[in-house]
Amino acid sequence: MSDTDEKTTHFGFTDVPEGEKAGRVQGVFRSVASKYDVMNDAMSFGIHRIWKDAMMDWLAPRAGQALLDVAGGTGDISFRFLKRAGYGHATVLDLTEPMLVEGRKRAEAEARADQLDWVVGDAMALPFADYSFDVYTISFGIRNVTRPQEALNEAFRVLKPGGRLMVLEFSQIPNDMMQQVYDLYSFNIIPRMGQVIAGDRDSYQYLVESIRKFPDQETFLGMVRAAGFENAKYRNLTMGVACLHSGWKI
């Protein structure tokens, strides 16, 4: 295939060759890794914690389950999962090693070291055998994957029969006026926060743009079903600012 025929994808509002996106995403998260959790609190006014708790409420972790937390970064979802389950095992996978390094520094990681693995890997080519996990989660990460459908296909592959998929991602507000207000905040305030708190405006400009490029709730639900998941559903959070998608491997 010639260079002119190479497929492109979006990196925020910019079209880039598919082969470049992963490297650019790694650059973003390498840049913000040390301030990632602080910025999450600042951008969402702490509401991301409520969303993640809602994720655990719907997921209802059970003792002894094996979790694969993809794009798991600093381990926020894995820590919540293990706390709810009581005991079990979580594998945190992320494309960007500095994010995992930050996760290992957290007090929760030290307290649960025997229940956690930290793996550098690609959501589109998971380094695990078929039927390896009871639960697959990806939180605010799938919109950064070059080909999200392939990530969902991989999720289906590594889950055991009866396994559960749970995706938490920013989404689209059904009310046009509210969406416009949210866009004004996102595009005008969040990059400035990124500059002040993380010293990186460009990375947070990309993250805001990537939200707008992600499929809406119904479109993404169709992708979950196309991967093979059944009983697939979604729940809007905070009027659709974020959304939970759930599916089962039956």
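The values are calculated or read from the model by the stated rules, or taken from the named source; none is laboratory data. All figures in this text were calculated on a predicted structure; none of them were measured in a lab. Cβ sites come from the backbone with ideal geometry, for glycine too, and all protein chains shown count toward neighbours.
Quick rundown of the values:
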| item | result |
| --- | --- |
| Members of the range 100-125 that are among the acidic types (Asp, Glu) and without any contact (Cβ under 8 Å) to a residue 24 or more places away in the chain | Glu110, Asp114 |
| Cβ pairs under 7 Å, 6+ apart, first in the range 126-153 and within 23 Å of Thr74 (Cβ to Cβ), second among the hydroxyl-bearing types (Ser, Thr, Tyr) | Arg143/Ser210; Asn144/Ser210; Thr146/Thr9 |
| Unmet requirement for Glu97, which otherwise passes all of (1) closer than 24 Å to Thr146 by Cα; (2) touching a residue at least 24 places away in the same chain (Cβ under 8 Å); (3) among the charged types (D, E, K, R) | (2) |
| Positions within the range 38-59 being of a type in the set (D, E, K, R) and crowded, with 17+ Cβ neighbours inside 10 Å, in sequence order | Lys52 |
| Cross-chain or 6+ apart pairs with Cβ under 6 Å, the range 233-250 first and farther than 19 Å from Tyr136 by Cα, then assigned to a strand (DSSP E or B) and of a type outside the set (Ser, Thr, Tyr) | Asn236/Cys243 |
| Search result, residues across the range 201-250 that are in contact with a Lys or Arg (Cβ under 8 Å, 6 or more places away or on another chain) and among the β-branched types (Val, Ile, Thr) | Ile211 |
| Qualifying positions in the range 216-234 - buried (at least 16 other Cβ atoms within 10 Å of the Cβ) and either under 18 Å from Lys35 (Cβ atoms) or out of contact with any Gly (no Cβ under 8 Å at 6 or more places or on another chain) (or both) | Phe220, Leu221, Met223, Gly228, Tyr234 |
| Qualifying positions in the range 201-250 - at positive phi and in contact with a helix residue (DSSP H, G or I) (Cβ under 9 Å, 6 or more places away or on another chain) | Gly228, Thr238, Met239, Gly240 |
| Tally, over the range 103-133, of residues that are of a type outside the set (Val, Ile, Thr) and part of a strand (DSSP E or B) | 6 |
| Evaluation of Tyr185 against (1) among the aromatic types (Phe, Trp, Tyr); (2) over 18 Å from Gly240 (Cβ atoms); (3) out of contact with any Phe, Trp or Tyr (no Cβ under 7 Å at 6 or more places or on another chain) (one fails), failing number | (2) |
| In the range 135-178, the residues that are assigned to a strand (DSSP E or B), in contact with a Leu (Cβ under 8 Å, 6 or more places away or on another chain) and closer than 24 Å to Arg49 by Cβ | Val135, Tyr136, Thr137, Ile138, Ser139, Arg164, Leu165, Met166, Val167, Leu168 |
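Conditions tested, residue by residue: (1) hydrophobic (A, V, I, L, M, F, W, C); (2) exposed (fewer than 13 other Cβ atoms within 10 Å of the Cβ); (3) at pLDDT 85 or above; (4) under 23 Å from Gly73 (Cβ atoms).
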site	(1), (2), (3), (4)
Met1	yes, yes, no, no
Ala22	yes, no, yes, yes
Gly27	no, no, no, yes
Val32	yes, no, no, yes
Tyr36	no, no, no, yes
